[in-house]
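Visitor: Before I ask anything, here is the structure I am working with.
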Amino acid sequence: MMDRLNASLAKWLPEQRLFLRSDDSARYIRLRPVTQLAGISGITLVFGWTLVASSFLVIDAISTGQSRDSIQQGNIAFEERLTQLQAERDARAAEALAAQARFNAALDQVSSMQSQLMASEERRREVEKGLSTVQATLRDSAAERLTVTADAADADAQTPDRSAEFSVALDILSGELRQAADQRHSAVEEAEAARLAAQELTAERDQILARNDEILSQLESAVTVSVAPLDQVFRNVGMNPDDVLRTIRRGYSGQGGPLTPMAYSSRGNAALTDTEEKARQIIVTLDQMNTYRIAMEKLPLAMPVTANFRFTSGFGRRWGRMHEGIDMAGPVGTPIYATGDGVVTYAGRMGAYGNLIKIRHELGTETRYAHLHRIGVKVGQRVSQGERIGDMGNTGRSTGPHLHYEVRMNGRAVDPMSFIKAAENVQ
């Protein structure tokens, strides 16, 4: 059968002979068509596998870069929107204070106009009372003149003309009455104008308060939506968010004493308005978000390898045993970085791990970096996230150069991909 196969392939792959000569002898190796076909097929498969693997690495690198860029752009857009809403809220609050000040000034003006109006009304009553007195005196004088007709000529010759005096008095009183009426009319007009201005200021204040309430509602929705993914991050990595918040707040609980005298309210413990309650809730949620941010900085969420690599093994059972980390393959000497702030607790050789680095982080987490070619840190050294700690290698029980990366929570191994994916969800 091999002869028939060689005969059929001889048309395209004729038999070749490879001669080997020495000083005193000559030999040759026969390359039959089947042997040539097998060699060409093997070379083609190796070349094709190399192309496919390279394309996968390139596609993975491109997709990873694009996803990180899109997440960072979304985070920047959200931060800008939150800053814009806060600025608009502050502007509306300033407008509300200015409107309140104008409203108070208008109320003072209305009060002043009412005082002037009351004073002019009092003067008008006094003038009317004086006019009534003058009229009574005139009537008495007329009656007296009628009864004393006999002595009229002598009285006219000896005494001044009383009617002329009364006429002058009437003129003075009439002028005072007209002046009081004019003042009263102008005071009424000013009071009406002040009342209209107060109404306009009240409407403007109500509009500003409504806009402030709308802005507070938007801020409340924005911060609530922002806290949800942070809360989910800790649940995804197997941590209780409430325990994390309590732990962080115990470490950041410093306060200052009161620097001003204690003030007491004359209204008692008045209930908060809806706006004040929303503002208080926003402050509470922002504090929760800030606490989550502090906790995120204490977790190992970064990638230990930033250069091109290939995932060769995941977390879980492998070959009948538990594989407690993930493997990332790359060339010897590829930089390895710390995935979070912490303290180096081990740096040396350890059995099947080969060259190993252990870093203790806060909140009960620990990371391990195994099979290293070079260790660049010492025990007790404090490292920061993104700091280079060693190089990828092939030490210990390893079939090729790669990094074995582990994450442990309170001594128990957990899937490192849960931390890496959690970081991508909140960037």
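The values are calculated or read from the model by the stated rules, or taken from the named source; none is laboratory data. Just so it is clear, the model here is predicted, and its values are computed rather than measured. Counting neighbours? That spans all protein chains shown, and the Cβs are built from the backbone with ideal geometry, glycine included. Please note that ligands, DNA and RNA were not included when accessible areas were found on the heavy atoms of the full protein model with its side chains. Shrake-Rupley method; radii C 1.70, N 1.55, O 1.52, S 1.80 Å.
Visitor: Looking at this structure, is VAL244 at pLDDT 70 or above, open to solvent by less than 50 Å² (accessible area, probe 1.4 Å), out of contact with any Cys (no Cβ under 7 Å at 6 or more places or on another chain) and not in a helix (DSSP H, G or I)?
Guide: no
Visitor: Okay, moving on. Six or more apart or on different chains, Cβ under 8 Å: which pairs go from a residue in segment 72-85 that's part of a helix (DSSP H, G or I) to one that's at pLDDT 75 or above? Could you list them?
Guide: No pair meets every condition.
Visitor: While we're here: Considering only residues that are in contact (Cβ under 8 Å) with a residue 60 or more places away in the chain, buried (at least 18 other Cβ atoms within 10 Å of the Cβ) and within 16 Å of THR339 (Cβ to Cβ), which ones fall in segment 364-398?
Guide: THR365, THR367, TYR369, MET392, listed by residue number.
Visitor: List the pairs whose first member sits in segment 330-359 and is free of Cβ contacts under 8 Å to residues at least 24 places away in the same chain and farther than 14 Å from GLY393 by Cβ, whose second member is open to solvent by 10 Å² or more (accessible area, probe 1.4 Å) and among the acidic types (Asp, Glu), and whose Cβ atoms are under 8 Å apart, counting only residues at least 6 apart or on separate chains?
Guide: Correct list of pairs: LYS358/GLU366.
Visitor: While we're looking at this one, here's another question. List the residue pairs whose Cβ atoms are under 6 Å apart, where the first residue sits in segment 183-196 and is in contact (Cβ under 8 Å) with a residue 60 or more places away in the chain, the second is open to solvent by less than 80 Å² (accessible area, probe 1.4 Å) and not hydrophobic (A, V, I, L, M, F, W, C), and the two are 6 or more positions apart or on different chains.
Guide: Between residues of segment 183-196 that are in contact (Cβ under 8 Å) with a residue 60 or more places away in the chain and residues that are open to solvent by less than 80 Å² (accessible area, probe 1.4 Å) and not hydrophobic (A, V, I, L, M, F, W, C), the close pairs are GLN183/SER120; ARG184/SER120; ALA187/SER120.
Visitor: Which of (1) more than 18 Å from ALA302 (Cα to Cα); (2) assigned to a strand (DSSP E or B) does ASP391 not meet, given it meets every other one?
Guide: Here ASP391 clears every test but (1).
Visitor: Quick one: is GLY320 free of Cβ contacts under 8 Å to residues at least 24 places away in the same chain, among the small types (Gly, Ala, Ser) and open to solvent by 40 Å² or more (accessible area, probe 1.4 Å)?
Guide: In short, yes.
Visitor: To continue, here is another question. If you check LEU5, LEU18, which single one turns out to be surrounded by 10 or more Cβ atoms within 10 Å (Cβ to Cβ) and either part of a helix (DSSP H, G or I) or not small (Gly, Ala, Ser) (or both)?
Guide: Going through LEU5, LEU18 in turn, just one is surrounded by 10 or more Cβ atoms within 10 Å (Cβ to Cβ) and either part of a helix (DSSP H, G or I) or not small (Gly, Ala, Ser) (or both): LEU5.
Visitor: Select from segment 325-376 the residues that are within 15 Å of PRO300 (Cβ to Cβ) and β-branched (Val, Ile, Thr) and list them in ascending order.
Guide: Within segment 325-376, ILE326, ILE336, THR339, VAL343, VAL344, THR345, ILE357, ILE359, THR365, THR367 meet the criteria.
Visitor: Go through segment 347-363 and give me each residue that's in contact with a helix residue (DSSP H, G or I) (Cβ under 8 Å, 6 or more places away or on another chain) and within 15 Å of ILE336 (Cα to Cα).
Guide: none
Visitor: I'm trying to understand the selection: among the residues of segment 339-352, which are surrounded by 18 or more Cβ atoms within 10 Å (Cβ to Cβ) and at pLDDT 95 or above?
Guide: VAL344, ALA347
Visitor: Please specify each residue of segment 399-417 satisfying the condition of being open to solvent by less than 30 Å² (accessible area, probe 1.4 Å) and either of a type outside the set (D, E, K, R) or not in a strand (DSSP E or B) (or both).
Guide: Within segment 399-417, GLY400, HIS402, LEU403, HIS404, TYR405, VAL407, MET409, ALA413, VAL414, PRO416 meet the criteria.
Visitor: So, one more: Could you identify the single residue in ASP60, ASP90, ASP108, ASP69 that is under 30 Å from ALA422 (Cβ atoms) and modelled with pLDDT of 75 or more?
Guide: After ruling out the rest, the residue left standing is ASP60.
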